[in-house]
Each structure stands twice: as structure tokens, then as C-alpha cells.
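Following: one structure in C-alpha cells, then a few remarks.
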Amino acid sequence: MTATHHTSATASVAAILSESASRYPDDVAVIVGDRRTTYAELWSQTLAYAGALRARGVGAGDRVAMLVPNVEDFPRVYYATLALGAVAVPVHALLKRREIEYVLRDSGASLLVCAAPLIGEGAAGAELAGVEVLTVLAPPPSDEQPGTGHDRLEALAQQAEPLDTYVPRHPFDTATILYTSGTTGKPKGAEGSHFSLLEQVNTNLMTTFDMHRGDVLLGALPLFHTFGQTCTMNTGFRVGATIVMLPKFDGDTALAAMVEHGCGVFMGVPTMYMALLDAATRSEDRPALRYAISGGASLPLAVLERFQDVYDAPIHEGYGLTETSPVATFNHVGTPPRPGTIGTPVWGVDVEIADPEQHDAIVMLPHGEIGELVIRGHNLMNGYLDRPEDTAEAIVDGWFRTGDLGTKDDDGYLTIVDRTKDMIIRNGYNVYPRQVEEVLATHPDVTMAAVFGVPHELHGQEVEAAVVLRAGATATPEELIDFVAAEIAAYKYPRAVHVLDALPLGPSGKILKRELVERFGTEVRTGS
């Protein structure tokens, strides 16, 4: 989406790291294990990476895909890409090769920077898409240890001329493309502008979050996802905090890291809170937590109360989406949180409840009524990449339609009730039933499949499927689960498959998933 505004104003998300490096050069920006990297070091390494990418032909407006876990290389590659005036396309670290190929093709990525531990699926996806790969985290090739066959970004950075500073961009130029999806069709690339991402960070720090220079944050949320990227990394670096990055989250590791490094701030999705409560039963140690932020899915009240007892820190819940940069509402700093709500709209953003049945216009509903949450303000994306119809359907009269159902009370507090879409949220990750159904449909024994979410105590929701087999077919539920698990990311495949004689259908032949949910989802599942 090209801006036509006649203005000389410029902006760059890369300024977040650049400015903190000049203001707080000796403060520690990132801790991974026993490695500590200061702001000045991180920015200088970023400029070196940018020089290497420039030498490979990356320039303003190019899309650079990145498949990197929560280590120092994530910010280096992210801000190096933005410093060149290019567009960062973070790829979900759990995707399989065909899914990676899709993101590379759809985004028009000219290059994939892939961490060596993820090279198996990453390089295969890049090869399918015809995209060049550079690696990070790969050991230098030696006699004992042959290389990956791809050039190492670290080595290129030592040879290339580093960038001096970042390239200024128009405020509404696209900075990031993050992939999200409706319940139908393929994932869509939401284009985040430099302006909306910077404004989000400044709004978070002024009136939304209780965060300050010198705070130590646990960076356990995946940085390829908008919550970790904006709320932990960009907001943390903007204020001059120290981010303790965890390449892989589990409760025991997270608790130990928070104790060791004196984390005062924790951000997580509900399953992370549950894992930390579980870890607390095995360890007497407690970090001196001051403040906790929850998002990504509704946090059960019992978990919230238990966490506040065990860890002695208030949890502030909020709500947002990839398309809203992400935070739209929050239980703001300076106001006691109202547990069970997602708080009130952030500064400069309107969140209202509209009639979900009115598709071509936004028709507001009175306070207290259940309807669709709609959002407008500085935090909206530019649109979905190359999808004008989808963008027009999502943004009506300047309001973004979330597809989530909720209520707003007379004090302006919002509560999520349900979602209009069939999307399943498992461990804070979005699972789109249609994608899983398409994989099931490729199995020779399956004639019909429906995928739905059932309540689960640990994961929030669990993915289940109901299938109808062709006559004489012998596939077992276990075989079907294994079949899907081999094709898509581990958080997406169904943990239970129900073989039925027929699926419940509506008058138009549409599968009635709510009947499947009622039939199979009446008990809350527990266990792993």
C-alpha cells in the first residue's frame, strides 16, 4: 500500500534500538543464558548485519523473511532489515516447509534468514519458493562439522561495510508483514506501518503499561508473534529495559530464569501462567515480580487469583490482534485491574460493540449488549497485503471488525464473551480449522472432516476433528492424527479424531460445528 501524503515527515521502527543505544549504551539489552549484550553492542551488531544484507542486494521496500527463535539474532535481523528501509516478515517457528513456502511466496520475500536449528523445514520451504537462504546460529564449517550449505550471516557481517544509521521511511510505509488468517482460505499478511508500531510502543509506555528503564522482563513470548514483538521487544527496548530471552518456554526454565536474573515484569499467554503455577509446586524459589501482563486468550479467573497468591504480583489483562499492532484495550497502569475484563481502550483508540449481523455498516449497540468488538485508531494495520477485498471486509467505515463477541459496561470496561469465527486458540496460538480440514481431506480414507475446538484446562482449547470415512475404509483415529501431525505444525493437529457415520449439516449443507462442540466438548479436557 503506497502512501500519497505530501509530507516530509519520516519514521522508522529501527529508531527504537538506535535511540536506546545512544541514550543507554552500557545498559544490558538482552540476556540469553550466560550471555549479556548491551544496547551499544546490539545496535552495532545490527548495523553490521544490515551491511551484510545490503551487500546481498536488500534495499528499501524489499521483504526479508526471518525464521529465528528468541535469541539475540532475532532483534539483530529484525532491526537490520528495518534499518535498510526493508520490510521484516517474521515466520512462525513451528511451521512446516509447505507453510513456510506459502509465506515466502505470498510476502514476495527476496531472502530468508534462518536459524540453523530450524534449517530443516526453513531451507526446504525456501527451496520450494525459490528464495535464497542465509543462516544464523550455524557453527563455522570445519573438517568435523560440515556447514549447512548456506552462507552464514555472521561471516558476511564481518566482511561487509556496516550501515552508519537507519534509512528514514514515510511514517505509513509498511514495516512488518505478520501472517494471520480468517477461518476460510489462506493466511493473510497484515501490514504494520512504522507509525502504528511506534505509536503503539509510546502509548504502551505513557499510559498503558507500568514499565521503566532498568526493568528486567522475561522474554518468553515468541518474538515472531505480535505480542512478543511489540509488547516485549519493541516496548522493552524503547524504555531501556533488559529482556531475558528464552529460546523455548517451559515453566521450570522460566521460573529459574526469572529468579536468576531478578525479573520484575512477566508477560505471557494463559498457558504460560498455568505452567508457572505448576513449576511453583516443584520449587521454593520466587522471583521478585512486580507486575504481570496477560493476553492472547482469556485468563481463567481461578488461574489469575492463584498466580497473584503464589507470585505476589498483580496481573493486568489486555486484548489485541495482529491487525491492531496489537494492544487495543488494557487494564491500565495506575488503575486497579478488573479481573475478568480486558480493561478499557488504550489512549487514542476507540473500541465499541457493533451489531455483528450488519456486514456493510457499523451499527453500534447500547452498553451491556453482546456484539462484535470493533476498533479504530492509530493502531490499525495498513491492510492485508495484496488483498483489497479482505481489507475492505475487515475495515468498515474506518472500524476494524475483530470477529470477537463481547460487551462494554457503563465504565467503558470490555469483556470478551466468545468469538464469531471458528478459530481455535491453543496455548495462545491461533489454529484455523480450515487448514487442518484440508490436510485431513487429502487422506484417501476420509470423505468429510470438520475441525473444532473444545475447552481444555491447560491449553485453553484443544483441537479435535470429526470425520466420515469412505465405505470399507479402515483408517483408525490414531492413524489420522499421525497423518495430520506429519503435515502441519505441532500446535495445530487434532489430539482426538471422532469417526462418525455422518456430520451434522444445516439446510445449506454447511457443517454445524457448534453441534460437534456440544457433543464432544461438554467436559473440560485436562492433562497434556
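Here is how the numbers come out for the structure above:
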{"quantity": "Selection status of K510, open to solvent by less than 30 Å² (accessible area, probe 1.4 Å), charged (D, E, K, R) and at pLDDT below 95", "calculated": "no"}
{"quantity": "The listed residue being closer than 24 Å to Y273 by Cα and modelled with pLDDT under 85, out of D418, D422, D404", "calculated": "D418"}
{"quantity": "Unique residue being under 20 Å from the mean Cα position of the chain (by Cα) and open to solvent by 10 Å² or more (accessible area, probe 1.4 Å) when the list is P75, P69, P25", "calculated": "P69"}
{"quantity": "Of the criteria (1) closer than 30 Å to L380 by Cβ; (2) modelled with pLDDT of 95 or more; (3) touching a helix residue (DSSP H, G or I) at 6+ places or on another chain (Cβ under 8 Å), which one P168 fails", "calculated": "(3)"}
{"quantity": "Hits in segment 104-120 (condition: surrounded by fewer than 23 Cβ atoms within 10 Å (Cβ to Cβ), without any contact (Cβ under 8 Å) to a residue 40 or more places away in the chain and in contact with a strand residue (DSSP E or B) (Cβ under 9 Å, 6 or more places away or on another chain))", "calculated": "A116, I119"}
{"quantity": "Any pair with Cβ under 6 angstrom, 6 or more apart, that starts in segment 341-365 at a residue that is modelled with pLDDT of 95 or more and ends at one that is assigned to a loop (DSSP other than H, G, I, E, B) and polar (S, T, N, Q)", "calculated": "G343/N331; V349/N379"}
{"quantity": "Which numbered condition T46 fails, given (1) hydroxyl-bearing (S, T, Y); (2) modelled with pLDDT of 95 or more; (3) open to solvent by 10 Å² or more (accessible area, probe 1.4 Å)", "calculated": "(3)"}
{"quantity": "Criterion (open to solvent by less than 20 Å² (accessible area, probe 1.4 Å) and modelled with pLDDT under 95) met by exactly one of L223, L217, L277", "calculated": "L277"}
{"quantity": "Selection within segment 31-66 - under 20 Å from the mean Cα position of the chain (by Cα) and either charged (D, E, K, R) or closer than 19 Å to T232 by Cβ (or both)", "calculated": "R63, M66"}
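The values are calculated or read from the model by the stated rules, or taken from the named source; none is laboratory data. Bear in mind the structure is a predicted one, so any value in this text is a computation, not a measurement. Here the Cβ is made from the backbone with ideal geometry for all residues, glycine too, and neighbour counts use every protein chain on show. We work out accessible area using only protein heavy atoms, side chains counted, and drop any ligands, DNA or RNA first. Shrake-Rupley method; radii C 1.70, N 1.55, O 1.52, S 1.80 Å.
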